[in-house]
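The values are calculated or read from the model by the stated rules, or taken from the named source; none is laboratory data. This structure is a prediction, so every number in the text was calculated from the model and none was measured. Methodologically, a virtual Cβ is constructed for each residue, glycine included, from the backbone with ideal geometry; neighbour enumeration extends over all protein chains shown.
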Amino acid sequence: MNDVEVNKSLFLNAHNLSRPTIPLLRVKGISKRFGNVIALDDVSLDIYDGEIHALLGENGAGKTTLANILYGIYQPDSGYIELSGRKIKLGTPQDAISYGIVLVQQYPMLIDKMTVAENLALSIKDLGYLSSVRKIYGLIREISIKYDISLEPEMIVSNLSFSEKQYVELLRALILNAKILILDEPTTMLTTYERRKLFVILRKLIDEGRAVVLITHKVSEALEVSDRITVLRRGAVVSSRPKSEYDYNELVKLIMGSNVNDVTPVKYIHRQRSAPPEDVLVIKELNVANDIGLIAVRNVSLSVKAGEIVGIAGVSGNGQKELAEAIVGLRRVRSGRIVLSGVDVTNKEPYERIKNGLAYIPEDRLKYGIVGEMSVAENFILKNYKAFSKLLFINMRKVMDFASKNIDLYHIVTRSPLERAKVLSGGNIQKLIVSRELGLNTKVVLAHNPTLGLDIASAKLVHNELLNVRDRGAGILLISEDLDEVIKLSDRILVMYRGSIVYDVSRDKLSIGDIEKAMLGLLNA
Amino acid sequence: MPEVRLLRRYEVSNKLRIATYIVSFILGVILFILVEIAYGADFNDILFKLFIKPITSYEDLKVTLRYFIPVGITSLGLLITYRAGIYSIGAEGQLVLGSIFVAWVAYSFASLEKPISIVMALLAGVLGGVMWALIPGVLKGFLNVNEVLTTLMLNFVAYSLTDYLIYGPWRSPKSFNFPLTEPLNESYIIPTYMGVSIIGIAIMISLIVIINVIIKYTSIGYEIRAYGYNPAAAYAAGISPRKVALLTFILSGALAGLAGALQLTTVHYRLGPKPWSVSESLGYTSIIAAWLSRLEPLAILPASMLLAMLINGGLNIKASLGQPEGIVNLMNGIILITLVATEFVLNYRVVIKLR
């Protein structure tokens, strides 16, 4: 506790000085290769205390590689790093922590069955082997109150929401006395409200004289919160200036480079139809339990018509995962019915649902979307490998042709169709899944966070494909934590809160304020 | 004091993988040799007996090849289940059941002539293995019962079944009260050429080619691989876990049963008690051969040859130094443990820092 106070005064002193000429952290000429791929190419940038420094770029631009180098996970092939004008060597994360550099991971690395305090104690070296975790309860409470983080040390991590888990990681950085906090895409899973709250905390942190490096692919976010923006493209710095010198369109151009013309603008046209179309997906009074047997989906009823997109907005952890898994057949339902194109598929195997025209764009791509150890080509036929086989033999030539065609059509970046799918970047994996799922004889699409973590170009492509398949007459159920996405795409918008549908509105009558209230359970229906 | 740290590896090159692998095998052999030296054996003598003698002297080569065939066929079957992420250790029991079925056919239809008798015997062996494998297969596929437990326990049931038969109804009246069955009729014995079962080797090699094609080029193999690498994605894509479990158990049971049939018809000719039983613990040895092949069907050939050499070498050492029966199992165990343990090296980098 005393440490915190001592350091606080130290930071205050530093902050009282005028802008130092020596940056807190200087990255000079860093390059890093993985095999034949150049991940970082002669990257130099300066990070000052008292500033939020946004690292902006598409997926695969090298942002995360740079963060991993700053945190000592990777070692650069060339170049060096200076802390307050002194060269430092970051061989391991422990080295980075000892210099006050802490990375807050995109997906929190916590032990689910332990409490918040126990998780944090793992990072504190001088706690000793035999001392009680209770020793740090006070410290945790003090920091939580100071930054308005609603966490208690006794809470079990598995009961926390995603944003709360992220706060545990943030607390860890603060307990470790980080002078430089690197946040890797911290907002991908957060709602607007949660995001704003996080930004307030980040402001507080830099006011104390710390530096924050915010890694993001969202232009709007960089403009909203940062003081300085560095744009990375294909591993190289293309621009690094104070925020005030940029505007939105310029940033988009810088990020995309020559690719900017590749992206066809999405036409979010919402069609009016005269004849009432049929329901392709009907859910009646569905109740589904979560992994520990508690009801996560409560009496949900909804229907999706052919040629319609129904969006379900909501804060993550309100039953969306369980609802999606029940529809696809990965989770049994307690009661209620699921009807696909008139066929009752309740508690049937996924195969029965696929047969009736259900396509699935999963939230967890690596777990449900691809078989990472198999080739890109083989992943293209995961759902209809039988159509490519005759008398049990798979026609590999046909598969390769099909894969090459789709790789070109969707601009999937891969060295070869025979490359293992898991080495693709997140955006390319999603393109693979989307092209596979929507290419089938699709009547119903279940898309769960389909653009989570994707860059602008990939996200637009996914949106375009969803709209195309809708225009071909498929019904789409879009479950997404990205409210903008739900509003852009949906003909009808539902809000899920604590397992129930608490709000239901067609697109011509929607009020964003009401939706956000409903998402937080503040709407008195 | 130097500080030792473990860092997770993020990328593993193929070179490192293969190198680790070879080193771990050599390490296992060295550990075994250390045990032998503790027993008073001579280092060079042990090396000679393990690696040179089993393939240079004709008498020894015959014995090596005799182990090569059942280990190759059985490990090929286990490889299929491992490819599907199903960890069967039940080949031993399936092999035993194969031999029991062959004996039953041979005693019931003693008057059959070659080649029908031989075909019948081999089919009976396959059937026995499949039946025994279907028990864990059905339990796994329909009730998701852990296959490691069921297959292991069924091995002991299979031993007991043999014991019941050789001490009870099938005990030969001419065996001087030893628990042995009557030898098979001549028509049920597969001929060897200069002491080597050419037919057995031919069967094994063709099976390796067939299984290689099934796994790599057919939709069945696709399902098995997809399910093995990522069961969740395979299930979501409509691949039936039930089908994969049944299919892989049937295939591996069939191969183990066939190996049992060949053991009885080319080597043993009669059922007997442990440790002279038909299986000779080869069902367990085959687990090591399967992992040694890195689950690559074509690599089963060198992997099972290597293990056959080691078994033969181990037996030589045992005999010449008057060591207990368990010495070959000890060697197998040591090699398996080093193989598994060095996986660690592939996942972590050890950094030693001198302060």
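Residue check, A:Asp42 against (1) at pLDDT 80 or above; (2) in contact with a helix residue (DSSP H, G or I) (Cβ under 8 Å, 6 or more places away or on another chain), all met but one. Which one?
Failing condition for A:Asp42: (2).
I'd like to check something: does segment B:163-170 contain any residue that is surrounded by fewer than 20 Cβ atoms within 10 Å (Cβ to Cβ), at negative phi, within 14 Å of chain A (Cβ to nearest Cβ) and part of a loop (DSSP other than H, G, I, E, B)?
No, there is no match, as no residue in segment B:163-170 is surrounded by fewer than 20 Cβ atoms within 10 Å (Cβ to Cβ), at negative phi, within 14 Å of chain A (Cβ to nearest Cβ) and part of a loop (DSSP other than H, G, I, E, B).
Could you look through segment B:234-292, keep only residues that are of a type outside the set (A, V, I, L, M, F, W, C) and within 14 Å of chain A (Cβ to nearest Cβ), and pick out the one that is farthest from the chain's Cα centre (by Cα)?
Result: B:Gly238.
I'd like to verify a number: residues in segment B:58-88 that are farther than 15 Å from B:Ile215 by Cα, in a helix (DSSP H, G or I) and either touching a helix residue (DSSP H, G or I) at 6+ places or on another chain (Cβ under 8 Å) or among the polar types (S, T, N, Q) (or both), how many?
Total satisfying the criteria: 14.
Please pick out the residue among A:Asp49, A:Asp95, A:Asp42 that is surrounded by fewer than 16 Cβ atoms within 10 Å (Cβ to Cβ), over 25 Å from the mean Cα position of the chain (by Cα) and not in a strand (DSSP E or B).
When all the criteria are applied, what remains is A:Asp95.
Counting just the residues of segment B:194-221 that are over 24 Å from A:Leu391 (Cα atoms) and more than 17 Å from the chain's Cα centre (by Cα), which one comes out nearest to the other protein chains (Cβ to nearest Cβ)?
Out of the qualifying residues, it is B:Ala202.
Within segment A:455-470, identify whether any single residue is outside any helix (DSSP H, G or I) and either within 12 Å of another protein chain (Cβ to nearest Cβ) or at pLDDT below 95 (or both), and answer yes or no.
So far as segment A:455-470 goes, yes, one or more of its residues are outside any helix (DSSP H, G or I) and either within 12 Å of another protein chain (Cβ to nearest Cβ) or at pLDDT below 95 (or both).
If I filter segment B:295-311 for residues that are touching a helix residue (DSSP H, G or I) at 6+ places or on another chain (Cβ under 6 Å) and either within 14 Å of chain A (Cβ to nearest Cβ) or on the phi > 0 side of the Ramachandran plot (or both), do I get at least one hit?
yes
Inside segment A:350-376, can you point out the residues that are of a type in the set (D, E, K, R), under 26 Å from B:Lys216 (Cα atoms), more than 7 Å from chain B (Cβ to nearest Cβ) and without any contact (Cβ under 8 Å) to a residue 60 or more places away in the chain?
A:Lys355, the sole residue that qualifies.
A quick yes/no check of all residues on (1) modelled with pLDDT under 85; (2) closer than 14 Å to A:Leu56 by Cα:
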site: A:Glu245; (1), (2): no, no
site: A:Tyr248; (1), (2): no, yes
site: A:Leu251; (1), (2): no, yes
site: A:Val260; (1), (2): yes, no
site: A:Thr264; (1), (2): yes, no
site: A:Glu278; (1), (2): no, no
site: A:Ile283; (1), (2): no, no
site: A:Asn287; (1), (2): no, no
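Applying the selection to segment B:10-49, what residues are in contact with a Phe, Trp or Tyr (Cβ under 8 Å, 6 or more places away or on another chain) and at pLDDT 85 or above?
Passing the criteria: B:Ile33, B:Ile37.
Quick one: which of B:Ile220, B:Ile215, B:Ile210 is part of a helix (DSSP H, G or I), surrounded by fewer than 24 Cβ atoms within 10 Å (Cβ to Cβ) and touching a Gly at 6+ places or on another chain (Cβ under 7 Å)?
Sole residue among the options that is part of a helix (DSSP H, G or I), surrounded by fewer than 24 Cβ atoms within 10 Å (Cβ to Cβ) and touching a Gly at 6+ places or on another chain (Cβ under 7 Å): B:Ile215.
This table checks each residue for (1) of a type in the set (S, T, N, Q); (2) in contact (Cβ under 8 Å) with a residue 60 or more places away in the chain.
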residue: B:Ile205; (1), (2): no, yes
residue: B:Ile208; (1), (2): no, yes
residue: B:Thr218; (1), (2): yes, no
residue: B:Asn230; (1), (2): yes, no
residue: B:Phe249; (1), (2): no, yes
residue: B:Gly260; (1), (2): no, yes
residue: B:Thr265; (1), (2): yes, yes
residue: B:Ala290; (1), (2): no, yes
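Given A:Tyr107, A:Tyr137, A:Tyr147, A:Tyr99, which one is within 28 Å of A:Arg196 (Cα to Cα), of a type in the set (Phe, Trp, Tyr) and touching a Leu at 6+ places or on another chain (Cβ under 9 Å)?
A:Tyr147
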